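Asker: Quick one: the structure is below, and I'll ask about it shortly.
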Amino acid sequence: MENRKQIVAGNWKMHKTYDEGMALVNEIISKTHEGNVQVVLGVPFIHLKGAADLTANIPYISLASQNCHEKESGAYTGEVSADMLLSVGAEYVILGHSERREHFKESNEVLSKKAEHAISKGLLPIFCCGESLRIRKASIHVDFVANQLIEGLFHLNKEAFAKVVIAYEPVWAIGTGETATPEQAQTMHQDIRKLIEKKYGGQTAQNTTILYGGSVKPDNARDLFSQTDVDGALVGGASLNADDFVAIINSF
Ligand code: PGA
């Protein structure tokens, strides 16, 4: 393993009431300890402050929001800014999740602005990319994912790009119980790293954390994490259960 951070991030999506969320945070705290892995909890906006209070003295747990607006502030009813997120303890922001791209029509263009703004504020993007089944079947997935990264991130200068964590999440594997094989994940992660190398150089490429996401479970995490270019996971369903999530963390 190179000089890069290993991360297991949970994406809670739109699940858990406030009290249920705090109970889950407490359970995760009680079942984990400091190790090589940074644990990131991608909680709903309203859970951030409470979760930040509970994890204040736990350096290996960080918090992420699941979205953030690209503007500083203003008349954008219902939206949340990077400054607001930082003020309640978020360190990371998940950007460009396939559900945001699909249901909320987030384009590479708007995501490029979100990434740039978040980084300028000191919020670290977990930037999602990944192809649908149709794209994979047409064997154009490598170019498709490359285009998401080129259009969404490659306008950043090297220093800004160094703040980004990438999450490769094939859409056909999200919430379906179907996981990419460790070999499929490794191949795509390696391609992503090569693309980064071409743009930003070898050192930046080696230092970039690339997570895999899509039906990561306790029983497949170890094989995925054993791949050279897989530096952790973005976990949806299994992050809602403390035992499963902790088992994934412990798979490193
Ligand atoms: P899943 O979700 O683990 O439930 O497939 C992953 C994600 O959406 O990030």
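Asker: Can you tell me the length gained on complete extension of the stretch residue 159 to residue 138, counting 0.36 nm per residue apart and subtracting the Cα distance? Present the calculation step by step, with values, prior to reporting the outcome.
Answerer: Values: separation 21, 0.36 × 21 = 7.56 nm, distance 3.53 nm.
Residue separation times 0.36 nm, minus the Cα-Cα distance, leaves 4.0 nm.
Asker: Quickly work out the residue 46-to-residue 73 label distance, labels modelled 7 Å from Cα along the C-beta direction, and quote it in nm with one decimal.
Answerer: Each label point lies 7 Å from its Cα, and together they span 2.4 nm.
Asker: Skipping prolines and chain starts, which residues have an amide H placed within reach, meaning under 5 Å, of the one on residue 167, given they are 5 or more residues away or on another chain?
Answerer: It is 127, 128, 129, 211, by chain and number.
Asker: Still on this structure, I have one more. Search the structure for amide H atoms under 5 Å from the amide H of residue 6, placed 1.01 Å from N in the peptide plane, and list their residues when 5 or more places away or on another chain.
Answerer: Long-range HN contacts for residue 6: 38.
Asker: Right, something else. Add -39500 (n - 2.57) for each DSSP H run of 4 or more in the chain, then divide by its residues: what number comes out at 222 nm, to the nearest 500 deg cm²/dmol?
Answerer: -12500 deg cm²/dmol
Asker: Along the Cα→Cβ direction, 7 angstrom out, place labels at residue 241 and residue 197. What is the inter-label distance in nm?
Answerer: Placing both labels 7 Å along Cα→Cβ, they lie 3.9 nm apart.
Asker: While we're on this one: Is the chain rounded, prolate or oblate when judged by the Cα gyration tensor, a ≥ b ≥ c being the square roots of its eigenvalues, rounded requiring a/c under 1.5 and prolate requiring a/b larger than b/c? Don't skip to the answer; put the middle values down first.
Answerer: On the way: a/c = 1.42, a/b = 1.11, b/c = 1.28.
It comes out rounded by the Cα gyration axes.
Asker: Under the definition of Cα pairs under 8 Å and six or more residues apart, what whole-number percent is the relative contact order of the chain?
Answerer: Over the chain, the number comes to 22 percent.
Asker: Using the Karplus curve 6.51 cos²θ - 1.76 cosθ + 1.60 with θ = phi - 60°, work out ³J(HN,Hα) for each residue of segment 176-181 in order, rounded to whole Hz, and write x for Gly and Pro.
Answerer: 9, x, 9, 9, 4, 5
Asker: For residue 207 and residue 190, calculate 0.36 nm times their separation in residues minus their Cα-Cα distance, and state this gained length in nm to one decimal.
Answerer: Gain in length upon complete extension: 4.8 nm.
Asker: Which lysines, if any, have their Cα less than 20 Å from the Cα of residue 71, not counting same-chain residues under 8 positions apart?
Answerer: Within the straight-line limit of under 20 Å, residue 71 reaches these lysines: 105, 113, 114, 121, 163.
Asker: Report the Stokes-Einstein translational diffusion coefficient (µm² s⁻¹, integer) for segment 166-232, Rh taken as the Kirkwood radius over Cα pairs, at 25 °C with viscosity 0.890 mPa s.
Answerer: In µm²/s, the coefficient is 204.
Asker: Assuming a viscosity of 1.306 mPa s and a temperature of 10 °C, what translational diffusion coefficient in µm² per second does Stokes-Einstein assign to segment 113-183, Rh being the Kirkwood radius over Cα pairs?
Answerer: The Stokes-Einstein estimate is 120 µm²/s.
Asker: I would also like to ask the following. If I model a spin label at residue 84 and residue 30 as a point 7 Å from the Cα along the Cα→Cβ vector, what separation in nanometres do I get?
Answerer: Those two pseudo-labels are separated by 3.3 nm.
Asker: With r as the distance between the Cβ atoms of residue 250 and residue 3 and R0 = 30 Å, compute the FRET efficiency 1/(1 + (r/R0)^6) and round to 0.05.
Answerer: That gives a FRET efficiency of 0.85.
Rule-based calculations on the coordinates, nothing more; no lab input. For clarity, every value in this text was computed on a predicted model and none was experimentally measured. We place every Cβ from the backbone using ideal geometry, glycine too, and count neighbours over all the protein chains shown.
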